[in-house]
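A short worksheet on the structure shown next.
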Amino acid sequence: MIKAYILLITYVGNLKAVLEELRKLDHIESISVVAGDYDIIVKARVDALEDLMTLTDNIHAIKGVKRTNTQVIEKEIEV
């Protein structure tokens, strides 16, 4: 099992439409709208890196997504 954070930058005025399309995709655990350098952070869970690549390709295909940055989780610590 591979988990990752996918950080998205959207074009101005496209946030709502991007959120609607993200909700349709498989392998997404959560979607957060954030302030700062990125607009959205997606937490994903996939079985293989190939699946992560497919998911990021599907996110890139969403109209209104400008750029992504994927961070694979090496270790998750619960507090």
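Below are the figures for this structure:
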| read-out | value |
| --- | --- |
| Pairs, first within 19 Å of LYS3 (Cα to Cα) in segment 32-46, second of a type in the set (S, T, N, Q) and modelled with pLDDT of 95 or more, C-beta under 6 Å, six or more apart | ILE41/SER32; LYS43/SER30 |
| Filter result (assigned to a strand (DSSP E or B) and either basic (Lys, Arg) or in contact with a helix residue (DSSP H, G or I) (Cβ under 9 Å, 6 or more places away or on another chain) (or both)) within segment 16-55 | ILE28, ILE31, VAL33, ILE40, VAL42, LYS43, ALA44, ARG45, VAL46 |
| ASP47 vs. criteria of a type in the set (D, E, K, R) and either exposed (fewer than 11 other Cβ atoms within 10 Å of the Cβ) or in contact with a His (Cβ under 8 Å, 6 or more places away or on another chain) (or both) | yes |
| Tally, over segment 38-71, of residues that are within 10 Å of the chain's Cα centre (by Cα) and among the basic types (Lys, Arg) | 1 |
| Top-ranked residue in segment 56-78 [being touching a residue at least 12 places away in the same chain (Cβ under 8 Å) and part of a loop (DSSP other than H, G, I, E, B); ranked as surrounded by the fewest Cβ atoms within 10 Å (Cβ to Cβ)] | GLU76 |
| Selection count, segment 58-76, where residues are over 13 Å from GLU21 (Cα atoms) and at pLDDT 95 or above | 10 |
| Selection count, segment 22-37, where residues are surrounded by 15 or more Cβ atoms within 10 Å (Cβ to Cβ) and more than 11 Å from the chain's Cα centre (by Cα) | 0 |
| Members of segment 34-44 that are over 19 Å from GLU21 (Cβ atoms) and not acidic (Asp, Glu) | ALA35, GLY36 |
| All positions within segment 68-79 that are in contact with a helix residue (DSSP H, G or I) (Cβ under 9 Å, 6 or more places away or on another chain) and not aliphatic (A, V, I, L, M) | THR68, THR70 |
| Failed item, numbered, when GLY13 is tested on (1) on the phi < 0 side of the Ramachandran plot; (2) surrounded by fewer than 14 Cβ atoms within 10 Å (Cβ to Cβ) | (1) |
| Given (1) basic (Lys, Arg); (2) loosely packed, with under 15 Cβ neighbours inside 10 Å; (3) touching a residue at least 60 places away in the same chain (Cβ under 8 Å), number of the condition LYS3 does not satisfy | (2) |
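The values are calculated or read from the model by the stated rules, or taken from the named source; none is laboratory data. Quick caveat: nothing in here was measured; it's all calculated off a predicted structure. Glycine also receives a Cβ, built like all others from the backbone with ideal geometry; neighbour counts cover every protein chain displayed.
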